[in-house]
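Below: the structure, in structure tokens.
Read the figures in this text as sums done on the coordinates, not as results from a lab. Because the structure is a prediction, the values reported are computed rather than measured. Cβ coordinates were reconstructed from backbone atoms using ideal geometry, including for glycine residues, and neighbour counts include every protein chain displayed.
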Amino acid sequence: MARVAFLISCSLGIGCFAAGCATSRPADAVVTNASRDAAAVVPAALTGASPNVSKESVVGPPGDVGAVGPQPREVELVNQDPAQPPAETIPAPRGKPIEDGLSGRTYPIDLPTALRLADADNLQVAFAREQVQQAYSEYRLANTLWLPSIRGGANYNHHDGPLLSSAGEIRDISRSFLYFGNGAAAGSTSSPAFPGIFASFKFADALFQPLAAQQRWGARESAATATRNNMLLDVALAYLELLRSAQDVAITQDIRDRVAELSRLTAAFAKTGQGLQADAERMQVELGLRENDIRRSIESLDLASTRLTQLLRMEPCVRLDPIEPAVVRLCLVPPNCDCPELVAQALENRPELAQSRYLVGEAVQRLRRERYAPFLPSVLLGASYGGFGGGLGGTLANFNGRLDFDAIAYWEVRGLGFGESAVRDAAGSIVRQAQIQELATLDLVAREVASAQAQVQIRGRQIDTARDVVQVALASYEHNLVRIQQAEGLPIEALQSAQALLSARREYLRAVTDYNAGQFTLQRALGWPVGQPELSNQP
């Protein structure tokens with residue numbers, strides 16, 4: 001099994017794997033010191049086994065598909081790499097209890113848990129796995145086309161009146177007969193209409209349908225993996241939005257408290273005549289705006305929580321509470337990889353491309369079937385054995401064993417040959433359509449990788465700028481407080497610094513969240529090369 005490189009960050013429980021860009025799977029995994037406090041488990045969607053593991057491990061729940069379809073794998077924590085520097089982050093304000101919004105019940109959650117739940121109980125993933133099961137069953141059925149069916153039954157016949165004899169004479173006959181055993185609807189002079197052992201198939205179908213069904217099964221396997229990857233991305237983005245909203249609530253609460261203190265000082269200055277009453281009233285207005293800002297942030301948190309509960313199929317009226325203390329920059333894909341190398345890796349790993357190749361293969365097998373169909377016979381085989389007896393009038397006597405066997409083979413040219421040509425042309429067109437779709441998927445994958453990499457690189461530079469801005473804004477606010485304490489300025493003068501601190505913190509939060517979202521988007525664009533699922537019964 002390939003060794004996996006992956007960093008579990010202190011905030012999200014996952015981080016940067018030191019993968020080689022030219023390989024389809026990464027190498028060794030590392031963990032920061034702070035991640036041990038989070039006690040988070042790397043999900044099966046992101047990592048496989050590693051030679052250096054801690055004692056904490058989790059086995060993801062199996063899918064309800066039997067032995068078919070992408071299944072979760074064992075997931076494990078990996079040890080610290082001392083050569084890896086700790087992640088840089090700005091401490092977030094400590095949040096306070098939220099009193100309004102959803103019901104007071106909360107459910108603590110982290111990203112590994114969310115991804116594990118999505119892989120285990122998501123309806124779209126379950127539906128895709130059932131489609132794999134259906135395709136597997138159809139493949140098994142296609143391999144039984146040449147096998148006979150077994151029938152058993154009985155039939156009774158009584159006749160009174162004229163019948164045409166083989167000599168062409170009309171005779172008045174009264175007779176009865178009974179047949180029972182292997183087969184049914186036996187005639188007095190003909191084989192049973194429903195043979196006891198019966199096979200009817202076209203050689204072209206028996207040869208090529210299993211091959212086409214095998215390709216369709218592979219396409220469904222790949223489609224299920226793509227659905228799983230897309231769902232993991234949706235859950236990761238929904239969790240990042242939940243974490244961003246929770247941090248935004250903490251930021252707005254912190255600024256509200258700072259504005260409340262400035263409002264108190266401004267009112268005290270106005271009462272003693274050192275400041276203006278208009279300044280105190282302006283601070284009251286600002287304080288009210290900050291209160292509403294908190295409520296809007298709580299609203300965003302509740303919406304993010306309900307969105308994630310929908311994806312995870314959890315109770316919607318319970319607020320999900322992210323356990324991470326801060327948002328930190330993640331590194332799922334090394335930043336030193338060139339775009340062509342990433343595109344090559346994606347072309348090797350993306351299940352959508354494997355699905356396209358399987359669909360082309362299915363179309364090719366169906367074209368081969370149409371080409372060989374006129375030269376391969378259709379076969380009907382029937383064999384029956386049972387008891388048969390009868391007599392004149394209603395007499396049933398002279399019972400004895402009866403054996404019937406029929407074998408028929410015939411060739412067919414549809415529509416005087418014109419039909420065969422039309423069918424082959426249609427099948428050839430389906431092959432070309434599948435090939436065009438494959439090329440379109442190649443272009444889409446390359447575009448998604450290039451776009452995601454560009455987003456990651458640009459957003460990474462935004463984080464550096466936003467971090468510096470937060471530090472400057474915080475220093476500016478502290479300097480204004482010092483001036484107020486030393487009676488060198490009025491509290492109203494610190495309001496602009498508080499507003500700038502709010503904007504700077506939100507910008508840093510947005511930059512880090514967008515960067516992490518870009519990392520997950522790039523990871524999905526590469527086909528989630530970490531921890532590829534191992535499928536049993538593969539075509």
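Miscellaneous remarks
- Residues whose placed amide H lies under 5 Å from that of residue 183, excluding near-sequence neighbours: 151, 152, 153, 196
- On full extension, the segment bounded by residue 165 and residue 472 gains 99.3 nm, given 0.36 nm per residue less the C-alpha separation.
- Distance (nanometres) between label positions extended 7 Å along Cα→Cβ at residue 158 and residue 429: 6.0
- Count Lys and Arg as plus one, Asp and Glu as minus one, and take only other residues whose Cβ is under 14 Å from that of residue 145; the net charge is then +1.
- Residues 221, 261, ranked from the fewest to the most other C-beta atoms within 10 Å, line up as 261, 221.
- Once the C-beta distance of residue 124 and residue 439 is scaled by a Förster radius of 22 Å, the resulting FRET efficiency is 0.25 to the nearest 0.05.
- Restricting the calculation to Cα atoms, every distinct pair contributes to the Kirkwood radius of segment 118-205, found to be 17.8 Å.
- The modelled label-to-label distance between residue 348 and residue 134, using points 7 Å beyond Cα along the C-beta direction, is 3.4 nm.
- Each other residue within a Cβ distance under 11 Å of residue 260 adds +1 if Lys or Arg and -1 if Asp or Glu, for a net charge of -1.
- Cβ-Cβ FRET estimate between residue 230 and residue 292, R0 fixed at 30 Å, reported to 0.05: 0.25
- Segment residue 197..residue 106, full-extension length gain: 26.3 nm, with 0.36 nm per residue of separation and the alpha-carbon distance subtracted.
- Mean Cβ neighbour count within 10 Å, used as a protection proxy, ranking 198-204, 155-161, 132-138 highest first: 132-138, 198-204, 155-161
- Looking at segment 373-421, the chymotrypsin sites (Phe, Trp or Tyr not before Pro) that sit in a DSSP loop and have at most 12 other Cβ atoms within 10 Å of their own Cβ are 411.
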